[in-house]
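K.L.:
My structure is below; once you've seen it, I'll send some questions.
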Ligand code: ADP
Ligand code: MG
């Protein structure tokens, strides 16, 4: 992380709304460093404080305590127009009676840019978002996806240092959302502007981001690359919120250097990753991703066994739903390869086999 310049630093930022017994702690001592030229995502369920943090960075609201720095300068008390930060809202907030070009030009003129310079920027932005053909169309006469592009062009036009995007794709249908995800990545790459993107959609976060901050109840639980977050969730909430996860109860037999020896409720003994702070003898929850396990015919060993309750064909994958003897459910996801000859039938006994090192103990 060293050597890269920081775009945004949030230091111990707390935001409390209201007072007395009605007080809501929307952000609770949040600290995060976001690098220049980074596609950074705030991910978490509704109400966890994502919009509040964006609004503080934008300057629409002020922290109760803590500070926010832009390129090393404390901007906590600066009004929005004195920050080189722009926001794309979920509702595009375009002027419906103006043309596409006028919508982009308007903000530039408000900033006092000379007409010729503004016109040049408008053309460059229309090219960037591939909307040159529609420059003279009124924005109430273009589609939702096209309005989204105009909103992006307008926000990028003044060349802010940081662009904030608050769930900008949630109003679009699935196909368009997928296209715009790629489009946003391209825009970030081509402009070199730091993007801070907010979503509650874990798949969107994983596919788009350089790094993700996972939030819950006003706190950041983990910051990392999509791969770090997915493969090494720091705690149970993160594992549960991102991707699908199987939870297994186990006894902690012994531990050494970040590895644990576990006894699963099925009786099998197996090793797993172990965070600090656990002592032998206690019961723990171990997690494993569905794609890190496989099913085998019953009686062929494996870490656990159970009854195959359901087989769901998903095109690229097949999901096997296994019912464990203790009543728990376990899902195995297996990629459908062309030469697959293995076949299972519902109701049969199966063994579940884990890939080495796939199991992790997590903090609650
Ligand atoms: P998210 O964007 O992650 O869904 P928000 O940042 O909008 O979450 O909200 C975080 C918490 O702060 C929620 O409990 C919300 O109800 C509360 N909150 C947000 N804005 C206000 C406000 N202006 N007044 C009171 N409570 C607020
Ligand atoms: Mg929000």
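K.L.:
For the stretch 131-257, just run the numbers: alpha carbon Rg, then divide by 2.2 N^0.38 Å, N being how many residues it has. Before the final figure, lay out the partial values.
P.N.:
Working: Rg = 18.9 Å, N = 127, 2.2 N^0.38 = 13.9 Å.
Against the empirical 2.2 N^0.38 Å value, I get 1.36 for the stretch 131-257.
K.L.:
How much length is gained on full extension from residue 60 to residue 363, taking 0.36 nm per residue of separation minus their Cα-Cα distance?
P.N.:
Additional length available on full extension: 105.5 nm.
K.L.:
Further question on the same structure: Sort 143, 209, 21 so that the residue with the fewest other Cβ atoms within 10 Å of its own Cβ comes first and the one with the most comes last.
P.N.:
By the 10 Å Cβ count, ascending: 21, 143, 209.
K.L.:
Normalised by the number of residues in the stretch 23-153, what is the relative contact order in percent for Cα pairs under 8 Å and 6+ residues apart?
P.N.:
Working: 107 pairs, mean separation 25.9, N = 131.
Relative contact order here is 20 percent.
K.L.:
Taking the convex hull of the alpha carbon atoms in the stretch 1-86, what volume per residue do you get, in Å³?
P.N.:
Convex hull volume per residue, Cα atoms: 103 Å³.
K.L.:
Can you give the FRET efficiency for residue 276 and residue 35, using 1/(1 + (r/R0)^6), R0 = 25 Å, r = Cβ-Cβ distance, to the nearest 0.05? Write out the running numbers ahead of the final one.
P.N.:
Working: r = 28 Å, r/R0 = 1.11.
Efficiency for this residue pair is about 0.35.
K.L.:
I've got another one for you. Along its three principal axes, how long is the chain when you only count alpha carbons? Whole Å, largest extent first please.
P.N.:
If we take the Cα atoms of the chain, the spans are 78, 50, 43 Å.
K.L.:
Something else about it: Under a point spin-label approximation (7 Å from Cα along Cα-to-Cβ), what is the residue 323-residue 135 distance to one decimal in nm?
P.N.:
Label at residue 323, label at residue 135, 6.6 nm between them.
K.L.:
Principal axes first, then extents: for the Cα atoms of the stretch 269-314, list largest minus smallest coordinate on each axis, whole Å, largest first.
P.N.:
Result, largest extent first: 40, 26, 15 Å.
K.L.:
Please give the FRET efficiency for residue 338 paired with residue 251, using the beta carbon to beta carbon distance and R0 = 51 Å, rounded to the nearest 0.05.
P.N.:
Computed FRET efficiency for residue 338 and residue 251: 0.75.
K.L.:
Right, next: Taking the Cβ-Cβ separation of residue 123 and residue 316 as r and a Förster radius of 45 Å, what is the calculated FRET efficiency to the nearest 0.05?
P.N.:
0.60
K.L.:
Mean shadow of the stretch 317-364, computed from the convex hull of its alpha carbons, in nm²?
P.N.:
One quarter of the hull surface, i.e. the mean projection, equals 5.0 nm².
K.L.:
Can you list the residues of the stretch 188-231 with backbone N under 13 Å from a point 7 Å past the Cα of residue 25, pointing along Cα to Cβ?
P.N.:
217-220
K.L.:
List the extent of the Cα atoms of the stretch 202-351 along each of their three principal axes, largest first, rounded to whole Å.
P.N.:
Principal axes ranked by extent give 45, 41, 25 Å for the Cα atoms.
K.L.:
Follow-up question, since we're still on this one. Given points 7 Å out from each Cα along the Cα-Cβ axis, report the residue 159 to residue 269 separation in nanometres with one decimal.
P.N.:
Those two pseudo-labels are separated by 6.6 nm.
K.L.:
Sticking with this structure for a sec: Going 7 Å from the Cα of residue 346 toward and past its Cβ, which residues in the stretch 303-319 have a backbone nitrogen under 12 Å from where you end up?
P.N.:
Counting backbone N atoms under 12 Å from the label point, the list is 308-313.
We did not get these values from a lab; they are worked out from the coordinates using the rules stated. It should be emphasised that the depicted structure is a prediction, and the values quoted were computed from it without experimental measurement. For neighbour counting, all protein chains shown are included, and Cβ atoms are generated from backbone atoms with ideal geometry for every residue, glycine included.
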